[in-house]
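Chemist: I have a structure here, written as structure tokens, and I will follow up with some questions on it.
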Amino acid sequence: MSLSPGGSADLPSYAEVEAALLNRWPETKLDPSLDRIRLLTELLGDPQRTYEVVHLTGTNGKTTTSRMVDALVRARGLRTGRFTSPHVESMTERITLDGEPLSDQDFVDAYLDIEPYLSLVDERSEHPLSFFETVVGMAFAVFADAPVDVAVVEVGMGGSWDATNVANGHVAVVTPIAVDHARYLGDRPEVIAVEKAGIIKAGARVVSAEQEPEVLAVLAGRAQEVGASMLVSGIDFGVVSRAPAVGGQVMTLRGLHGEYDDLFLPLYGAHQAHNAALALAAAEALGDDERLSDEMVRQAFEEVTSPGRLEVVRRGPAVLLDAAHNPHGVATIVEAVRDSFTLDPVVGVVGVMADKDVEGMLSELEPLLSDIVCTQNSTPRAMPVEELAEVARDLFGEHRVHVARRLDDAIDRAVTLAETGGSTGQSIGSGGVLVTGSVITVGEVRTLLRGNRP
């Protein structure tokens, strides 16, 4: 689909560009090759080589850590671009400059700038450029045109064959590795680590979260193989202390060059403090590799946001959104809810993708939730609500499982249950609602509750 305008007054709309991108080879159809994206970036003049790159992989925490790295690098006075995926509500979120998503018009312009080259790549390839490859190309070109000093780039899936891997990360960040996308990446963390370790390039500095020993061995082996140096949380940097606080938490972090005391982070859960330590080490490892000023770090963390990551979008009762979509991620948010909130009962609104470890996710949620409202988001990949409810009944029992096909009905049902004490009708505090299971579910609920553009 060509959207090139016939004249200056005939520019396509954001919706038309969005449709053109979605009509491309979908993200869920993977072809393990960098040939197409390499050809595209070569035609564009290899824009990804014109700035320093912080490249992030891992299973959970990538987007939030990316946002923290972005904030810290901007606090140093450098211009940043950030590429993350998937988006929560709008495609424009995937490409940011100086911490702000592209406007609809800038996103359209970015697409039109590279569109003439898309057909050239399609014609020379067995498969056309995918949606993801195209947006990666847009991001790299936007960052070069800005121009940015540093690009913070999150992989879409895996590492070695991810389209973002045509960039050479000066710093390679690895968040905790667990099992997700097992169909594509493997069913054991150490197997998945082999693919994710592919972002580690010669001469890079690797900044890793704490990992299982088998995973750490894979990462260290890759680093040694290509001549990269490695820094590991809990050894070279980490969280010294943290405590929940109103609106987030207060933490002391040990960076590569000393401690940073009494930092406020407006995000919830111990995992976010560990993400912050990872981001701090990555920002220190970049460029001059020096201690950042305390005030700079304090200001950067105070300004961090992470939509859809244990985000409070309504109170009375509280409605929390979290995009966890695998058992490891769900276990983390369960711990965070208990750590940071005093909600009783907690009612879940859950909508998942059919290809996920649904039983594993629900098993982690069961001890936290008084009731679960099974629902379904709008995508064809969503697990049908009755199938989800069937799995839930085996774990929660018949009386704790409720079904609402529409997301707005699911929220209404959950709010009522939270206000009335859940299925038992008893409560020892203020109830709350936790919406989780999928980025898309969370994004659609966020749009409903915040009145944003659908």
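The values are calculated or read from the model by the stated rules, or taken from the named source; none is laboratory data. Keep in mind that what you see is a predicted model, and the values were worked out from it rather than measured. No Cβ is skipped: glycine too gets one built from the backbone with ideal geometry, and neighbour counts run over all protein chains shown. Surface accessibility is based on the protein's heavy atoms, side chains included, excluding ligands, DNA and RNA. Shrake-Rupley method; radii C 1.70, N 1.55, O 1.52, S 1.80 Å.
Chemist: What is the spin-label model distance, in nm, from ASP109 to ASP46 if the labels are put 7 Å beyond Cα along the C-beta direction?
Modeler: 2.7
Chemist: Tell me whether region 191-272 comes out rounded, prolate or oblate; compute the Cα gyration tensor, take square roots of the eigenvalues as a ≥ b ≥ c, and use a/c under 1.5 as the rounded threshold.
Modeler: Numbers: a/c = 2.98, a/b = 2.08, b/c = 1.43.
Prolate is the answer for region 191-272, as a/c is 1.5 or above and a/b outweighs b/c.
Chemist: Then there's this: Would you mind working out the magnitude of the charge dipole of region 160-319 relative to its Cα centre, with +1 at each Lys and Arg C-beta and -1 at each Asp and Glu C-beta, to the nearest 20 Debye?
Modeler: Details: 13 positive and 22 negative charges, 97 e Å.
That gives region 160-319 a dipole magnitude of about 460 debye.
Chemist: Post the alpha-carbon centroid distance, region 272-309 to region 48-87, in whole angstrom.
Modeler: Cα centroid of region 272-309 versus Cα centroid of region 48-87: 11 Å apart.
Chemist: Taking the Cα centre of region 1-146 as origin, sum charge times position over the Cβ atoms of Lys and Arg (+1) and Asp and Glu (-1), and report the length of that vector in debye to the nearest 20. Don't jump to the answer; show the numbers that get you there.
Modeler: Values: 13 positive and 24 negative charges, 139 e Å.
Here region 1-146 has a charge dipole of around 660 debye.
Chemist: Follow-up. Once R0 is set to 51 Å, what does the formula 1/(1 + (r/R0)^6) return for the Cβ-Cβ distance between SER33 and ASP408, expressed as a FRET efficiency to the nearest 0.05? Intermediate values should be presented prior to the final figure.
Modeler: Working: r = 42 Å, r/R0 = 0.81.
It comes out at approximately 0.75.
Chemist: Counting Lys and Arg as +1 and Asp and Glu as -1, what is the net charge of the other residues whose Cβ lies under 14 Å from the Cβ of LEU417? Write out the running numbers ahead of the final one.
Modeler: Values: positive: ARG400, ARG413; negative: ASP344, ASP371, ASP409, ASP412, GLU419.
Result for the neighbourhood of LEU417: -3.
Chemist: Still on this structure, please answer the following. Quick check on region 45-99: take the gyration tensor over C-alpha atoms, sort the square-rooted eigenvalues as a ≥ b ≥ c, and tell me if it's rounded (a/c under 1.5), prolate or oblate. Write down the numbers at each step before the final one.
Modeler: Working: a/c = 1.43, a/b = 1.25, b/c = 1.15.
In terms of gyration-tensor shape, rounded.
Chemist: Give me the number: length gained by fully extending THR379 to GLU303, i.e. 0.36 nm times residue separation minus the C-alpha to C-alpha distance, one decimal in nm.
Modeler: On the way: separation 76, 0.36 × 76 = 27.36 nm, distance 3.26 nm.
In short, 24.1 nm is gained.
Chemist: Sticking with this one: What does the charge count near GLY45 come to, summing +1 for each Lys or Arg and -1 for each Asp or Glu among other residues with Cβ under 12 Å from its Cβ?
Modeler: On the way: positive: ARG49; negative: GLU42, ASP46, ASP113, ASP145.
Net charge in that neighbourhood comes out at -3.
Chemist: Per residue, what volume in Å³ does the convex hull of the Cα atoms of region 81-222 enclose?
Modeler: Numbers: hull volume 18.5 nm³, N = 142.
Once divided by residue count, the hull of region 81-222 is 131 Å³.
Chemist: In Å, what Rg and Dmax follow from the Cα atoms of region 326-454?
Modeler: In Å, with Rg to one decimal and Dmax whole: 13.5, 40.
Chemist: Taking a ≥ b ≥ c as the square roots of the eigenvalues of the Cα gyration tensor of the chain, is the shape rounded (a/c under 1.5), prolate (a/b larger than b/c) or oblate? Walk me through the numbers on the way to the answer.
Modeler: Details: a/c = 1.63, a/b = 1.23, b/c = 1.33.
In terms of gyration-tensor shape, oblate.
Chemist: Report the full-extension gain for the segment GLU212 to VAL250: residue separation times 0.36 nm, less the Cα-Cα distance, to one decimal in nm. Kindly include the intermediate steps, with their values, before the conclusion.
Modeler: Values: separation 38, 0.36 × 38 = 13.68 nm, distance 2.69 nm.
Gain on extension, GLU212 to VAL250, equals 11.0 nm.
Chemist: Rounded to the nearest whole Å², what accessible area per residue is found for region 33-162 with the 1.4 Å probe? It would help to have the intermediate numbers written out before the result.
Modeler: Details: 4200 Å² over 130 residues.
I get 32 Å² per residue for region 33-162.
Chemist: Then there is this: For region 321-374, what size does the Cα cloud have along each of its three principal axes, sorted from largest down, in whole Å?
Modeler: Principal-axis extents of the Cα atoms in region 321-374, largest first: 33, 20, 18 Å.
Chemist: Probe radius 1.4 Å, ligands and nucleic acids left out: which of THR447, THR57, THR342, THR50 has the largest accessible area, and how do the rest follow? Mind showing how you got there, number by number?
Modeler: Details: THR447 25, THR57 0, THR342 130, THR50 85 Å².
Descending accessible area places them as THR342, THR50, THR447, THR57.
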